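Read the figures in this text as sums done on the coordinates, not as results from a lab. On a predicted model such as this, the values are computed, not experimentally measured, just so you know. All Cβ positions, even for glycine, are placed from backbone atoms using ideal geometry, and neighbour counts span all protein chains on display.
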Amino acid sequence: ITIMFRGREQSRPELGLRLLAKLAEDVTELGFVEATPKQDGRNMIMVLAPHRKKSDVAKDAAKDAARERETVEDLSAAESA
């Protein structure tokens, strides 16, 4: 999210911070603040990221478990040979 300050707005960065904080609060159900607001010249930037879906987390856990099983099977096959 980028806010561009114009003219005298640059002397009131706290208003931009307040606006970005309210926006972050409004979207807490959908995502989270990945990078806090920072002013870079005339721009104030904040980075938001989506929450991971529970199904994605479950898929990742299943993939990790499958990899571990394959590794254990490979090790046991190598030991028996």
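Observations, loosely collected:
- Remark: the range 32-41, residue by residue, has Karplus-estimated 3J(HN,Hα) of 9, 7, 8, 9, 5, x, 9, 8, 10, x Hz, where x stands for each Gly or Pro and the curve is 6.51 cos²θ - 1.76 cosθ + 1.60 at θ = phi - 60°.
- Put a dot 7 Å past the Cα of R42, heading toward its Cβ, do the same for L17, and the two dots end up 2.3 nm apart.
- In this simple spin-label approximation, E9 and E34 carry label points 7 Å from Cα along the Cα→Cβ vector, and these lie 2.4 nm apart.
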